[in-house]
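Encoded as structure tokens, the structure appears first; notes follow it.
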Amino acid sequence: MQELSSGEQRVKIQGNNIRQVIDNLDAVYPGFKDRLVEDGRVKPNISVAIDGEITPLGMLEKVMEDSEVHFLPAISGG
Amino acid sequence: MPGKTYVQTTINGEQVDFLCEPRQSLLECLRDVIGLTGTKEGCNDGNCGACTVNMDGRVVTACLVLGVEAEGANIETIEGVADGSNLHPLQLAFLENAALQCGICTPGFIVSSKALLEQNPDPTEHEIRFWLANNLCRCTGYDKIVRAVQDAAKRLQEA
Amino acid sequence: MTTIDNESNVVLATNTDFKVVGTRPVRHDGTDKVTGRALYGADYDASGLLHGKILRSPHAHALIKSVNTSKAESLDGVKAVVTASDFPQVADKTVELGEDDTKLEWLRDNILASDKALYGGHAIAGVAAANPHIAEEALKLIEVEYEVLPAVLTTQEAMADNASILHKSLTTQELGEDTGVVSNVASHFQHVKGDVSKGFAEADIVKEREFNTTTVHQGYIEPHNGTAFWSADGRLHVWCSTQGSFVVRDSLADLLDLPVSMVRVTPMEIGGAFGGKIPIYVEPVAALLSKKTGAPVKIVMSRKETFEGSGPTSGSYMKIKIGAKKDGTITAAHAWMAMEAGAYPGSPVGAAAQCVFATYDLENALIDGYDVVVNKPKTAAYRAPGAPNAAFGTEQVINELAEELQMDPIEFRLKNVAVEGTRRPDGPTFRRIGAKEVLEAMRDHPHYQSKKQEGQGRGVAIGFWFNIGFDSACNIAVNSDGTVNLTEGSTDIGGSRTSIAMQAAEVLGIPAEDVRPSVVDTDTVGFTAVTGGSRTTFATGWAAYEAAQDVKQQCLERAASIWDVDVDGLQMEDGVISSTADSELRMTLKELASQLGSSGGGISGSASVNPGGVGGSFAGNIADVSVDSDTGKVTVERFTCVQDAGKAIHPSYVEGQMQGGSVQGIGWALNEEYFMGDDGNMNNSSLLDYRMPTALDLPMIDTVIVEVANPGHPFGVRGVGEANIVPPTPTLANAIYDATGKRMTELPMSPGAILAAE
């Protein structure tokens, strides 16, 4: 997704939960919301990790000051 | 449809009779005609041992025996290993050594190992592995199965 | 602290404050399984049962011009025939398949092909008849007109210019954007950390290798099966061996355009899966046949069909390049990986990317992943999917660097090992992990400390799997004799119902034998995700823990009511309820249970969870091999597996997972492969020629369970099912190199390949 953020590997975004983070990310770098969201939820093939842990709550998960958020391909195991 | 043959045999010490088509294997007869589903199908061509039964003192893969060949034979399946509600030492050893995970290969291993211990009550590790080479297990890596057979051998000798 | 079962199986236990957790009770379902009474999918019977068989494409790639089923339908004993046209027409959507997702259209197309056969073995039609033999005869009477097309069987073939295209509608997603270019490359993604060009420039030595692996199968002994009954009231009931009853239910609902409430899935016992029984194959066909006939229809795959018509794992083509300074610090790493998805997109290349360099703390890393379709069965998960392929590459290059720097291979890994706080190249930062502890346990193990035998070679490697959480539900009811019934929805492939029962027993302070666990159907328990992803002991364990806490709280409240005291002063330890204020007040759970009816009624607790706090697992191997210089045959002389379990709930079954995964890895390394003929079909689709390890091929698999507790689980559990299949292939490659000087970069390292290698 680096091409959406004009080559930036890491970006700082405001927000109290993932929904707000994505909305604010999209405001600064248009295109992120389309990439991440479908039908009001994080796309099923994308996982959200906060401070290294995959969250099951998707859009609803709260983020703290200085939380690190990653969007990863969702995969699992055998 | 091909006509059926009437077969009389002994299974786990009981007289059993059934009808089968010539093309039906002993495995199919045990499972689908007689209703003894403990013997499993893994490959149907003799290469996995999941259908191992004891026929006239020999361990065979039931998928490679025809149902009609059971005529007059003495067959032991997994259902006949326990003595009523008393588990055989092999069965106890498998449980206590955690020698099964999914359990699908377990009936074949138990029937096969029982025959080994009847012929060779004190087998070496190599002898156990050699005897069981036609019983495939994909879950355990065989380690705990071999230990269970060694354990069962000890229990049977002490008995 | 060690509790040693025998010297070959060691548990480096870190928390022994438990009464039940960490012990080794006999599993609850054990007696049924050693007496042949346990019922697996193929054992299911019903009155009026019909038997189904499936016609499969003999061509790896072909247009299906026409399908004529009339002759088959008129065969005596045949009750119905179905093809793709019998599926209801549903709008396409993304469907969740339990762990990943795919397009409904592709799922449906894989189950019964519509306009194209995309691999040899692709299902074309289904027949239901009075017995399986008649059904098989009917297949021969179905007339299919094919127009054969060229097939592509490797990523290189599929990615070449002018390659034969599988899907005219598939365009490459390049770094998240649709290029609009029709190709066999479904997607290309990248993970970037730091700057690899700078990193490689700083390196004193750089090693780069290309690796090729081919298709292998999970190899479960029980073929796929399913019985479906579509009742006159519109309800569909399915009995099958599956890793996920709810996935079967939801997939059937999507495919057949039914509400999920009209579909009920009863999981039978399951004879092995390893990821291959997450997707569905025969159930929808059986359902369609049942709808047409009004009878229950059972379909059981043959072994050949299991190889050709289910979901093996990816072949792959990888380039791994790693640079390091003279002092052993890795400065940069680049992985370029193309993985076969089979006939429809969705290889595990994404997972491979998360694991390929996970063991190492890297300042600069670049990972390129390509998901490529080929004319082979659609891949399904196989125990840590993608990671074994990646490790086959990385762990050999790591060894080459160590060798050139004249550093011990374990010390080299320890110098660069990831720890809590290390950021992975794909982004997340590690929480508490046990990579270092696993490496140290390997280094200190008597196997590694022992002198190598004359003529043998020794190899080491380490691998990682991230593990997953996802949803689980659990209900617990107290019986009048003080035992409890526990119902859960995780199909039990390896003894998990006992590990789950043990966790509930620990909370309630009762013996494991006093918990009666049952795996129940989709009508009886809340949504539970698949038994896979190394999630079951962790997530369903959490559900059992929470349900047991619920029961415990209710017991305390009931005791408070019986004694007419405040519940706040009461506690329950070791199955005894007592008061901190009044030492006279004591009763066992058994005593309370006998009074439930007269004190207000039964007690039952429940929980539905979707836990975060998943902990990943590292697994490492040490292997000694001898290689016959005349035949090229590799004998595994000694093998040790070390794995971080966080907390081994039932150590025997953790050891079992370690041993089983190690042996699957050994088979993958030394013998297993899909041998594809010139016609694009698998030539060795039998257990004779698809050569899996037998008892005679192996030594004992010694184990060391390391326990670096996962803070995200009440007992510290990390899933263990998968990480252990990751290191064996590079471990054996490294051992073979040590024995022969030959660096094997292709799998399998079979006798012929070893002889041919330089």
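The values are calculated or read from the model by the stated rules, or taken from the named source; none is laboratory data. From a predicted model like this one, the values you see are computed outputs, not experimental measurements. Positions of Cβ are generated from backbone atoms using ideal geometry, with glycine treated the same way; all protein chains shown enter the neighbour counts. The accessibility values were calculated without ligands, DNA or RNA, using every heavy atom of the protein model including side chains. Shrake-Rupley method; radii C 1.70, N 1.55, O 1.52, S 1.80 Å.
Extents of segment B:5-80, largest first, come to 28, 24, 19 Å (Cα atoms, principal axes, whole angstrom).
Please work out the ratio of the alpha-carbon Rg of the protein assembly as shown to 2.2 N^0.38 Å and round it to two decimals. Provide the component values of the computation, followed by the final result.
Numbers: Rg = 28.0 Å, N = 995, 2.2 N^0.38 = 30.3 Å.
Relative to the 2.2 N^0.38 Å estimate, the protein assembly as shown comes out at 0.92.
Return the lysines within reach of C:Lys168: Cα separation strictly under 18 angstrom, same-chain partners fewer than 8 residues apart disregarded; answer none if there are no such residues. Candidates past the 8-residue exclusion: C:Lys65, C:Lys103, C:Lys116, C:Lys376, C:Lys378.
Assuming a ≥ b ≥ c are the square roots of the Cα gyration tensor eigenvalues, decide whether chain C counts as rounded (a/c under 1.5), prolate (otherwise, with a/b larger than b/c) or oblate.
On the way: a/c = 1.82, a/b = 1.07, b/c = 1.70.
Oblate, since a/c reaches 1.5 and b/c is not below a/b.
Each 10 Å bin from zero up to the one holding the largest Cα-Cα distance in segment B:89-158 carries the following percent of pairs: 23, 63, 14, 0. Chains B and C together bury some 4400 Å² of accessible area, summed over both sides, with a 1.4 Å probe. Relative contact order for chain B: 23 percent, from Cα pairs under 8 Å spaced at least 6 residues apart, divided by residue count. Taking only the C-alpha atoms of segment C:472-609, the Rg (one decimal) and the largest Cα-Cα distance, Dmax (whole number), read 15.3, 49 Å.
For segment B:5-80, what is the accessible area per residue in Å², given a 1.4 Å probe and the full set of protein chains? Mind dumping the intermediate values first?
Numbers: 3040 Å² over 76 residues.
With the other protein chains kept in place, segment B:5-80 gives 40 Å² per residue.
Which helices count as membrane-span-like in chain B under these terms: full DSSP H, at least 18 Å along the axis by C-alpha, Kyte-Doolittle mean of -1.0 or more? Intermediate results must be reported in sequence, preceding the final value.
Working: long enough: B:106-119 (20 Å, 0.41); B:143-158 (23 Å, -0.76).
Helices meeting the criterion: B:106-119, B:143-158.
Helical runs assigned H by DSSP (4 residues or longer) give the protein assembly as shown a calculated mean residue ellipticity at 222 nm of -7500 deg cm²/dmol, each run adding -39500 (n - 2.57) before division by the residue total.
Hey, got a sec? Which GluC sites (Glu not before Pro) in segment C:545-623 land in a DSSP loop and have at most 16 other Cβ atoms within 10 Å?
Values: sites: C:Glu546, C:Glu557, C:Glu573, C:Glu584, C:Glu591; in loops: C:Glu584.
When the GluC sites (Glu not before Pro) of segment C:545-623 are filtered for loop state and at most 16 Cβ neighbours within 10 Å, C:Glu584 remain.
Between the alpha-carbon centres of segment C:161-214 and segment C:545-613 there is a gap of 58 Å. Candidate cross-link partners of C:Lys590 among the lysines, defined by an alpha-carbon separation under 20 Å and a same-chain spacing of 8 or more, comprise C:Lys19, C:Lys552.
Across segment B:89-158, the relative contact order, built from alpha-carbon pairs under 8 Å that are at least six residues apart, equals 52 percent. What separates the Cα centres of segment C:440-479 and segment C:337-374 is a distance of 23 Å.
State whether segment A:1-73 is rounded, prolate or oblate according to the following rule on the C-alpha gyration tensor (a ≥ b ≥ c being the square roots of its eigenvalues): a/c under 1.5 gives rounded; otherwise a/b larger than b/c gives prolate, and the remaining case gives oblate.
It comes out rounded by the Cα gyration axes.
Loop-only trypsin sites (Lys or Arg not before Pro) in segment C:385-466, please: DSSP not H, G, I, E or B, and at most 16 other Cβ atoms within 10 Å. Please list the in-between numbers first.
On the way: sites: C:Arg413, C:Lys415, C:Arg423, C:Arg431, C:Arg432, C:Lys436, C:Arg443, C:Lys451, C:Lys452, C:Arg458; in loops: C:Arg431, C:Arg432, C:Lys451, C:Lys452.
Here the trypsin sites (Lys or Arg not before Pro) that fit, given the DSSP loop and packing criteria, are C:Lys451, C:Lys452.
Partner aspartates and glutamates whose Cα lies under 15 Å from the Cα of C:Lys742, excluding those fewer than 8 positions away in the same chain, are identified as C:Glu210, C:Glu400, C:Glu403, C:Asp628, C:Asp630, C:Glu758.
Look at the stretch C:22-34: the mean tally of other chain Cβ atoms within 10 Å of its residues' Cβ atoms is 5.
Atom-type composition of the exposed protein surface of segment C:472-609 places 42 percent of the accessible area on carbon and sulfur (1.4 angstrom probe).
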